[in-house]
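Written out below as structure tokens is the structure these notes cover.
The values are calculated or read from the model by the stated rules, or taken from the named source; none is laboratory data. The model shown is predicted, which means the values in this text are computed figures rather than measured ones. Ideal geometry is used to build each Cβ from the backbone, glycine not excepted, and the neighbour counts take in all protein chains shown.
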Amino acid sequence: MLGHYENISGWGRTPQYQSKIFRPTSSAELRSVVDSIAANNENVIGRGLGRSYGDAAFLAGENVIDLNFLNRILDVNYDSGEILVESGVSLDSLMRIFVPKGYFVPVTPGTRYVTVGGALASDVHGKNHHIDGSISDHISSFTLITENGQTTVDKELNQEYFNATRGGMGLTGIIETVKLKLVPIETSYVNVHTTRVQNLEALIKTMKDTDDNYKYSVAWIDCLSKGQFLGRSVLTQANDALLGDLDRSKIENARHFNTKSGLSIPFEFPISPLNKATIKAFNTMWYFKTKKGETDSVEHFASFFHPLDGIGEWNRIYGKTGFTQYQFVVPDNKEAELIEIVELLAKKEVSSFLAVLKRFGPKNGGYLSFPTKGWTLALDIAIQAGLSEVLDQLDDLVVNANGRVYFAKDARVSPNHIHKMYPDIDKWRTVRNKLDPNRIFTSNLALRTKLI
Ligand SMILES: Cc1cc2nc3c(=O)[nH]c(=O)nc-3n(C[C@H](O)[C@H](O)[C@H](O)COP(=O)(O)OP(=O)(O)OC[C@H]3O[C@@H](n4cnc5c(N)ncnc54)[C@H](O)[C@@H]3O)c2cc1C
């Protein structure tokens, strides 16, 4: 099968490189591409829908296997909710097919435009990590293509391979098929409880006191406000809505997921409209548009879980220079450090259009899986002068708080830091070397951070 050179990047749009892209449409084609790359002593990385922000899903000047055409649903068990799918199937497709039949994905990130393979490779989390863990906690097995052919990896029988691949950022091989357990639902709606909170300290207390009552919890934070309003926020917590929670207008079509893609950003903005002044204005508007105190509403899955998916290619708003996402987690007892980080952001006026705080439950066995018990803050930040010094400072604060940054969002963290952030790296390397002894699977992320 022939590959074609194309310019690709992560969701942050920078950096951009040419890679030779292969698009297999069958398992046989996938295997023959991997075989010929291995035979030529070349390197390769797998790629899903390219929603990782930085350099995880490309390899400059070398080979990239785009899995989007391996997107078949191979088996469904409607009694248990277990499905067997090819790794290129997207969560969006799963929702459109299975929500009307009464099933939802167990974990969804803030966008549904991710593939199942990409979700497993990053071991993605959603707003329910404190209750349900991350996606791999709902996967019982998968098949992996390496230079030695196909291996079936079962969670119980092949724990090492399972733990090296979930969160392993595609560096153990190409995930070919996945067995995932969907969860039953009565409706495609959630009962949402919204609380406007005056500052970060109050938010931390509210989340600690009340999160266990809700399956989903997330807070949007204004990282530009200071003083007694430092980290003022809007907290949304929710549970799945039952049929009895819906009014007449919704009950007739209680399990629909036919959301239309709305407007799309047609071109890359020459100059990004997102600057300190506009973001400050937006943050203020967002905070005050939420009613003071607490309110309840019923919302459709699509607007609750994926508010940005309604705008196609919204990352073009950031213009040529692009943007980055900085997401870190610090342990539960490091609230003082979390506040210190938000103080630093406010002091340096690092404007983040979307800053979201969530709480993680316990860590799973994934050697490189990001979620560990504690607080995770994610910030979308336009690339700007002086940013890299601030982010370096944040890295130090995160490391000193025994925290870590998320590889799926990262484009800049240094090798020194990641070894402190991910203490199981050596264990991961040992297993990875068994699966990929000649190190054919690599990415710009792996080269930059010296992961392999
Ligand atoms: C708006 C937005 C919101 C987001 N919200 C969240 C969130 O709430 N929680 C969260 O955890 N993440 C979140 N993300 C990040 C996203 O979920 C992850 O980056 C996910 O991995 C993207 O999946 P993808 O199919 O686009 O994979 P890609 O970005 O294409 O690839 C990601 C990684 O997976 C590997 N990979 C992809 N497919 C395969 C395969 N078949 N076999 C082996 N390796 C493979 C790649 O090599 C790469 O290392 C968000 C991203 C965006 C843009």
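Could you tell me how many of the residues in the range 176-215 are out of contact with any Asp or Glu (no Cβ under 9 Å at 6 or more places or on another chain) and either among the aromatic types (Phe, Trp, Tyr) or in a strand (DSSP E or B) (or both)?
Residues flagged as out of contact with any Asp or Glu (no Cβ under 9 Å at 6 or more places or on another chain) and either among the aromatic types (Phe, Trp, Tyr) or in a strand (DSSP E or B) (or both) within the range 176-215 amount to 3.
Regarding Gly88, is this residue closer than 28 Å to Phe360 by Cα and in contact with a Pro (Cβ under 7 Å, 6 or more places away or on another chain)?
Numbers: closer than 28 Å to Phe360 by Cα: yes; in contact with a Pro (Cβ under 7 Å, 6 or more places away or on another chain): no.
Considered against the rule, which asks whether it is closer than 28 Å to Phe360 by Cα and in contact with a Pro (Cβ under 7 Å, 6 or more places away or on another chain), Gly88 comes out as no.
Give me a count of the residues in the range 302-322 that are more than 17 Å from the chain's Cα centre (by Cα) and closer than 16 Å to Ile381 by Cα.
Going through the range 302-322 one residue at a time, the tally reaches 7.
For residues in the range 388-437 being part of a loop (DSSP other than H, G, I, E, B) and of a type in the set (Lys, Arg), which is farthest from the chain's Cα centre (by Cα)?
Narrowing the range 388-437 to residues part of a loop (DSSP other than H, G, I, E, B): 401-403, 406-414, 422-424, 436-437.
Filter again for of a type in the set (Lys, Arg), leaving 409, 412.
Working: Lys409: 8, Arg412: 17 Å.
Going through the qualifying residues, I end up with Arg412.
Look at Ile8 and say whether it is crowded, with 23+ Cβ neighbours inside 10 Å and in a strand (DSSP E or B). Steps first, please.
Working: crowded, with 23+ Cβ neighbours inside 10 Å: no; in a strand (DSSP E or B): yes.
Answer is no for this residue.
Given the options Thr14, Thr25, name the one that is in contact (Cβ under 8 Å) with a residue 12 or more places away in the chain, closer than 29 Å to Ser272 by Cα, of a type in the set (Val, Ile, Thr) and more than 10 Å from the ligand (Cβ to nearest atom). Talk me through it step by step, then tell me what you get.
Values: Thr25 fails: closer than 29 Å to Ser272 by Cα.
Sole residue among the options that is in contact (Cβ under 8 Å) with a residue 12 or more places away in the chain, closer than 29 Å to Ser272 by Cα, of a type in the set (Val, Ile, Thr) and more than 10 Å from the ligand (Cβ to nearest atom): Thr14.
Only one of Thr187, Thr236 is over 30 Å from Lys450 (Cβ atoms), modelled with pLDDT of 95 or more and within 22 Å of the chain's Cα centre (by Cα). Can you tell me which?
Details: Thr187 fails: within 22 Å of the chain's Cα centre (by Cα).
Being over 30 Å from Lys450 (Cβ atoms), modelled with pLDDT of 95 or more and within 22 Å of the chain's Cα centre (by Cα) holds for just one of Thr187, Thr236, which is Thr236.
Could you list, in sequence order, all residues of the range 70-118 that are hydroxyl-bearing (Ser, Thr, Tyr), in a loop (DSSP other than H, G, I, E, B) and either within 11 Å of the ligand (Cβ to nearest atom) or touching a Ser or Thr at 6+ places or on another chain (Cβ under 6 Å) (or both)?
At the first step, the residues of the range 70-118 found to be hydroxyl-bearing (Ser, Thr, Tyr) are 78, 80, 87, 90, 93, 103, 108, 111, 113, 115.
Next, from what is left, pick out any that are in a loop (DSSP other than H, G, I, E, B): 78, 80, 87, 108, 111, 113.
Listed by number, the residues that qualify are Ser87, Thr108, Thr111, Tyr113.
Taking the criterion of being at pLDDT below 95, crowded, with 18+ Cβ neighbours inside 10 Å and in a loop (DSSP other than H, G, I, E, B), would at least one residue in the range 266-284 satisfy it?
Looking only at the range 266-284, we keep the residues that are at pLDDT below 95, and these are 266-284.
Next cut, crowded, with 18+ Cβ neighbours inside 10 Å only: 272, 274, 279, 283.
Still in the running and in a loop (DSSP other than H, G, I, E, B): 272, 274.
Yes, the range 266-284 contains a residue that is at pLDDT below 95, crowded, with 18+ Cβ neighbours inside 10 Å and in a loop (DSSP other than H, G, I, E, B).
Are any residues in the range 216-229 within 18 Å of the chain's Cα centre (by Cα) and outside any strand (DSSP E or B), and if so, which ones? Before the answer, list the steps.
Just the residues of the range 216-229 that are within 18 Å of the chain's Cα centre (by Cα), to begin with: 216-220.
Across the range 216-229, there are no qualifying residues.
Residues checked against (1) within 13 Å of the ligand (Cβ to nearest atom); (2) hydrophobic (A, V, I, L, M, F, W, C):
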| residue | (1), (2) |
| --- | --- |
| Pro307 | yes, no |
| Asn315 | yes, no |
| Gly319 | no, no |
| Thr324 | yes, no |
| Ile341 | no, yes |
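So which residues in the range 32-50 are of a type outside the set (Gly, Ala, Ser), more than 12 Å from Asn63 (Cα to Cα) and within 11 Å of the ligand (Cβ to nearest atom), if there are any at all?
Step one: of the range 32-50, the residues of a type outside the set (Gly, Ala, Ser) are 33-35, 37, 40-45, 47, 49.
Subsequent filtering for residues that are more than 12 Å from Asn63 (Cα to Cα) retains 35, 49.
Across the range 32-50, the qualifying residue is only Leu49.
With the condition kept exactly as written, say whether any residue in the range 215-234 is of a type outside the set (Ser, Thr, Tyr), surrounded by fewer than 20 Cβ atoms within 10 Å (Cβ to Cβ) and under 17 Å from Val298 (Cβ atoms).
Among the residues of the range 215-234, at least one is of a type outside the set (Ser, Thr, Tyr), surrounded by fewer than 20 Cβ atoms within 10 Å (Cβ to Cβ) and under 17 Å from Val298 (Cβ atoms), which makes the answer yes.
Could you list all residues from the range 326-339 that are polar (S, T, N, Q) and either within 12 Å of the ligand (Cβ to nearest atom) or within 20 Å of the chain's Cα centre (by Cα) (or both)?
Across the range 326-339, the qualifying residue is only Gln327.
Go over the candidates Asn333, Asn315 one by one and state the one that is assigned to a helix (DSSP H, G or I) and either within 30 Å of Ser140 (Cβ to Cβ) or not assigned by TED's automatic domain parsing to the domain that holds Met95 (or both). Talk me through it step by step, then tell me what you get.
Numbers: Asn333 fails: assigned to a helix (DSSP H, G or I).
Answer to the selection: Asn315.
Could you check the range 119-129 and list, in sequence order, the residues that are in contact with a Pro (Cβ under 9 Å, 6 or more places away or on another chain) and more than 7 Å from the ligand (Cβ to nearest atom)?
Filtering the range 119-129 down to residues in contact with a Pro (Cβ under 9 Å, 6 or more places away or on another chain) leaves 119, 122-126, 128-129.
Asp123, Asn128, His129 - these are the residues of the range 119-129 that are in contact with a Pro (Cβ under 9 Å, 6 or more places away or on another chain) and more than 7 Å from the ligand (Cβ to nearest atom).
For the structure I just gave you, tell me whether Ile381 is farther than 16 Å from Val329 by Cα and in a strand (DSSP E or B). Let's see the steps before the verdict.
On the way: farther than 16 Å from Val329 by Cα: yes; in a strand (DSSP E or B): yes.
Answer is yes for this residue.
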